Structures are given as C-alpha cells and as structure tokens.
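Notes follow the structure.
The values are calculated or read from the model by the stated rules, or taken from the named source; none is laboratory data. In this text the structure is predicted, and so the values were computed from the model without any measurement. Here the Cβ positions follow ideal geometry from the backbone for every residue, glycine too, while neighbour counts run over all protein chains shown. These accessible areas exclude ligands, DNA and RNA; they are computed on the full protein's heavy atoms, side chains included. Shrake-Rupley method; radii C 1.70, N 1.55, O 1.52, S 1.80 Å.
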Amino acid sequence: MTKKAKSIIGIVAAILVAVTAMMIIMPKNNFSSKLNTVVEVKNSVAKPEYSQTVVNVSKDGTYTISADWWMENTPGFVTGLIVTDEAGNNVFSVTGGMLTADSRPMDLKKGQYLFKFEPLASGDAYRAYCAEHFSGEDMGDIDEDLFTDGTWNMQYKVSINEYFKNAYLAGLICGVVIGILLVALVVVVMRKENAPAKKYDERQIAAQGEAFKYGFYTLGIYMLVLMVCHGTGVELPIDVPLQLLTGLLVSASVLATIMILKDAYFRLDENRTAWILFLAGFAILNFVIGVINIVNHNVLKDGVLSFMGCTNLLCGVVMLYLLAVILVKTVKDREED
C-alpha cells in the first residue's frame with residue numbers, strides 16, 4: 001500500500017470518528033411545530049383573536065423553548081405567546097412584533113404543550129396582556145405608531161429542544177475538526193504521487209513569506225478597527241464570532257491573492273484543475289446552505305447578523321473571490337504567453 005493510500009485511509013477513519021462523536025454528544029430529542037395564519041387588523045381589532053398549536057414531548061428532561069416569527073417587515077401588531085403544560089401551568093411567555101427567542105433551560109415532563117399566539121392590535125391591548133401575564137415585570141413603553149390596520153401572513157415556528165450545556169461548543173469543535181480533516185483529505189487526494197517535485201520551490205517560498213506578511217498586516221488593522229469600535233461603544237449589527245471569522249477570512253483572502261498572483265499558491269505536485277473544481281464545488285455548497293439559512297430566517301437574529309446563519313454565505317463569497325483571482329491570473333498568463 002502506498003503512502004498516499006495510507007494517508008487517505010487514516011484521514012477517512014478520523015473523519016468517521018469525529019462524525020460519530022458529534023452524533024453521540026448532540027441532543028436528540030427536539031420537538032417542533034409550525035403555524036401559518038392570516039391576521040387582519042381593522043380599527044385596532046385583530047382577527048382571529050388567537051391561534052394555537054401543540055408540541056408533544058415524548059420524555060421527561062431538561063429543555064429550552066424556542067419561538068421564531070421573524071419577518072422582512074414588522075407587522076402592525078404585537079404577538080403575545082403563552083406556552084402551557086397539560087395542567088394549564090404557564091411555562092414560557094414572550095411578546096414581540098417579530099422575534100426569535102429562547103427560554104432558559106427548564107425541566108419539562110412528558111406530554112403536550114400548548115402554544116397560544118394572541119395578536120395585540122393596540123397599545124391598550126398590549127399593556128393589558130402584559131399586566132395579566134407579566135405582572136411585576138417592567139415591560140417599558142411601546143411605540144403607538146407600531147399599531148396599524150392591515151393584513152399579514154404570519155408564520156410562527158416553535159420548538160422544544162433537549163438542553164445540553166455545552167452542545168454549541170461541542171458542535172463547533174467537532175465541525176472545525178471535521179472541516180480540517182476534509183481539507184487534509186482533499187490536499188492528499190490532489191497531490192500527484194509520482195511528480196518530479198513534491199514541494200514549493202525557493203521562489204514560491206519567498207513569495208509566500210511576503211503574502212503572510214501582508215495577511216498579518218491586514219488582520220492587525222482589522223482587529224484594531226474592531227477594538228476601536230468596541231471601545232467607543234459603536235454597536236455593530238454582527239455577532240462577535242462572525243466579526244472574528246470575517247477578520248480571519250479577509251486576511252486569508254489577502255494572503256491567497258498574493259500567493260495566486262505570484263504562482264505560489266499551488267505546489268508543484270498538485271493538480272491545479274482539480275483544486276479549481278473543488279473550490280467551485282465548495283462555493284456552490286456554501287451558497288446553497290446560505291440560501292437555506294435565508295429562507296429559514298437564520299441570517300438575522302433580533303436584527304443582528306448571526307454566526308450560524310451567515311458563515312456559509314461568507315465562505316461562499318470568499319471561494320468565489322478566489323476563483324475570480326485564479327481566473328484573472330490564468331488570463332494574464334495566457335496573454336503573456
């Protein structure tokens with residue numbers, strides 16, 4: 001067995017182990033429902049008066065309740081949501097014109113949970129609702145101009161999800177590990193085992209040094225700008241993980257651009273055409289996932305660009321940019337020939 005074959009088998013085995021680990025540690029009991037309803041507001045009266053759906057929980061456990069009715073435009077009313085168990089006890093409540101919200105972790109029993117959505121078409125209705133369901137809490141004032149007559153198609157998405165304290169961190173780590181292993185697998189597959197030269201030559205190494213220098217400068221400037229924004233209280237509509245990822249990808253794009261233009265991106269034993277096809281396929285995959293996130297309203301969370309919703313779109317843009325740089329370099333080389 002060749003060294004290349006052994007490397008491929010080892011990487012594939014590592015990927016399978018990482019995927020298995022992720023499947024084992026990730027929460028498995030998630031229960032959800034969707035409710036589509038048309039709400040008509042006329043003279044500050046909403047019809048229907050309420051809508052409701054039921055979510056069935058199959059086992060006792062610790063869960064979080066999620067609600068989502070984020071839209072492109074804010075409707076002319078506020079929706080109040082009350083979640084009750086089979087005994088009629090209130091387990092979660094929230095209000096908003098459009099929102100995505102998650103409850104704190106709570107212990108729930110097996111059974112049916114009723115989600116009741118009530119459109120509040122005036123300031124008085126909103127205040128009365130808050131007084132009934134949020135007694136003792138300071139709800140603050142509400143803008144009366146929010147309430148208008150009209151008709152809106154509402155899609156309410158709710159779920160009860162098993163709670164795992166470190167689920168996000170564990171999933172993120174597993175995702176990063178799997179991503180690194182996939183890149184390593186592609187690198188090994190792309191390399192020609194019988195190529196006369198298997199490394200970068202001296203000219204390429206020198207060009208890479210220059211590229212890393214400018215990539216570092218770019219990242220440093222980006223982090224300084226970010227530090228100034230946070231230090232002066234400028235609120236960016238981007239969550240922090242996405243801000244950091246953007247900096248990494250921008251600096252990586254600068255680095256890759258210099259390396260491509262100076263013929264220092266591909267090793268002498270690598271299949272350039274196969275790499276281009278891989279980048280194109282990776283870009284398409286990321287854009288497809290990005291579109292799904294847009295359709296599912298995962299890009300914006302409470303008016304802030306989210307890490308989970310935007311990562312694939314951002315990666316797709318970077319891959320498309322790299323393909324454009326490779327195309328420019330190819331055209332330039334042909335003109336020089």
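Could you check region 266-281 and list, in sequence order, the residues that are free of Cβ contacts under 8 Å to residues at least 12 places away in the same chain and open to solvent by 60 Å² or more (accessible area, probe 1.4 Å)?
Of the residues in region 266-281, the ones free of Cβ contacts under 8 Å to residues at least 12 places away in the same chain are 266, 272-273, 277, 281.
Matches in region 266-281: 272, 273, 277.
Would you call residue 31 over 18 Å from residue 297 (Cβ atoms), surrounded by 12 or more Cβ atoms within 10 Å (Cβ to Cβ), aromatic (Phe, Trp, Tyr) and touching a helix residue (DSSP H, G or I) at 6+ places or on another chain (Cβ under 9 Å)? It is false that residue 31 is over 18 Å from residue 297 (Cβ atoms), surrounded by 12 or more Cβ atoms within 10 Å (Cβ to Cβ), aromatic (Phe, Trp, Tyr) and touching a helix residue (DSSP H, G or I) at 6+ places or on another chain (Cβ under 9 Å). Of the strands (runs of 3 or more DSSP E) lying entirely inside region 75-136, the ones with 3 or more residues being surrounded by 14 or more Cβ atoms within 10 Å (Cβ to Cβ) and in contact (Cβ under 8 Å) with a residue 24 or more places away in the chain are found at 78-84, 90-96, 100-102, 111-120.
Considering region 48-62, the residues that are assigned to a strand (DSSP E or B) and either within 30 Å of residue 38 (Cα to Cα) or not hydroxyl-bearing (Ser, Thr, Tyr) (or both) include one that is modelled with the lowest pLDDT, namely 61.
Name the residue that is farthest from the chain's Cα centre (by Cα), counting only residues in region 316-325 that are in contact (Cβ under 8 Å) with a residue 60 or more places away in the chain and open to solvent by less than 30 Å² (accessible area, probe 1.4 Å). Steps first, answer last, please.
Quick first cut of region 316-325, residues in contact (Cβ under 8 Å) with a residue 60 or more places away in the chain only: 318, 321-322, 325.
After this cut, where a residue has to be open to solvent by less than 30 Å² (accessible area, probe 1.4 Å) as well, the list is 318, 322, 325.
Details: 318: 16, 322: 22, 325: 27 Å.
Only one residue fits best here, namely 325.
Between 122, 66, 58, which is of a type in the set (Gly, Ala, Ser), more than 17 Å from residue 157 (Cβ to Cβ) and out of contact with any helix residue (DSSP H, G or I) (no Cβ under 9 Å at 6 or more places or on another chain)? Even if it seems obvious, please write down each step before you answer.
Values: 122 fails: out of contact with any helix residue (DSSP H, G or I) (no Cβ under 9 Å at 6 or more places or on another chain); 66 fails: more than 17 Å from residue 157 (Cβ to Cβ).
Residue meeting the stated conditions: 58.
Does any residue of region 173-184 turn out to be closer than 30 Å to residue 70 by Cα, at pLDDT below 95, of a type outside the set (A, V, I, L, M, F, W, C) and open to solvent by 60 Å² or more (accessible area, probe 1.4 Å)? The answer is no, given that none of the residues of region 173-184 is closer than 30 Å to residue 70 by Cα, at pLDDT below 95, of a type outside the set (A, V, I, L, M, F, W, C) and open to solvent by 60 Å² or more (accessible area, probe 1.4 Å). Read through the list (1) part of a loop (DSSP other than H, G, I, E, B); (2) within 24 Å of residue 130 (Cβ to Cβ), then give the number of the only condition that residue 28 fails. Condition not satisfied by residue 28: (2).
Just checking, which of 255, 261, 242 is within 15 Å of residue 327 (Cβ to Cβ) and at pLDDT 90 or above?
Going through 255, 261, 242 in turn, just one is within 15 Å of residue 327 (Cβ to Cβ) and at pLDDT 90 or above: 261.
Restricting 300, 255, 305 to those that are out of contact with any Leu (no Cβ under 8 Å at 6 or more places or on another chain), open to solvent by less than 70 Å² (accessible area, probe 1.4 Å) and within 22 Å of residue 176 (Cβ to Cβ) reduces the list to 255.
How many of the residues making up region 282-311 are among the aromatic types (Phe, Trp, Tyr) and free of Cβ contacts under 8 Å to residues at least 60 places away in the same chain?
The first filter runs over region 282-311 and keeps only residues among the aromatic types (Phe, Trp, Tyr), leaving 282, 287, 307.
Cutting the leftovers down to free of Cβ contacts under 8 Å to residues at least 60 places away in the same chain gives us 282, 287.
Of the residues in region 282-311, 2 are among the aromatic types (Phe, Trp, Tyr) and free of Cβ contacts under 8 Å to residues at least 60 places away in the same chain.
Does region 1-31 hold any residues that are closer than 17 Å to residue 164 by Cβ and not β-branched (Val, Ile, Thr), and which are they?
Initial filter on region 1-31 (closer than 17 Å to residue 164 by Cβ): 20-31.
If the condition is that a residue be closer than 17 Å to residue 164 by Cβ and not β-branched (Val, Ile, Thr), then 21, 22, 23, 26, 27, 28, 29, 30, 31 are the ones that fit.
How many residues, within region 212-244, are of a type in the set (Asp, Glu) and exposed (fewer than 12 other Cβ atoms within 10 Å of the Cβ)? Quick ask: steps written out before the conclusion?
Looking only at region 212-244, we keep the residues that are of a type in the set (Asp, Glu), and these are 235, 239.
Then keep just the ones that are exposed (fewer than 12 other Cβ atoms within 10 Å of the Cβ); that gives 235.
Number of matching residues: 1.
Scanning region 16-28 for residues that are aliphatic (A, V, I, L, M) and open to solvent by less than 80 Å² (accessible area, probe 1.4 Å) gives 18, 19, 21, 22, 25, 26.
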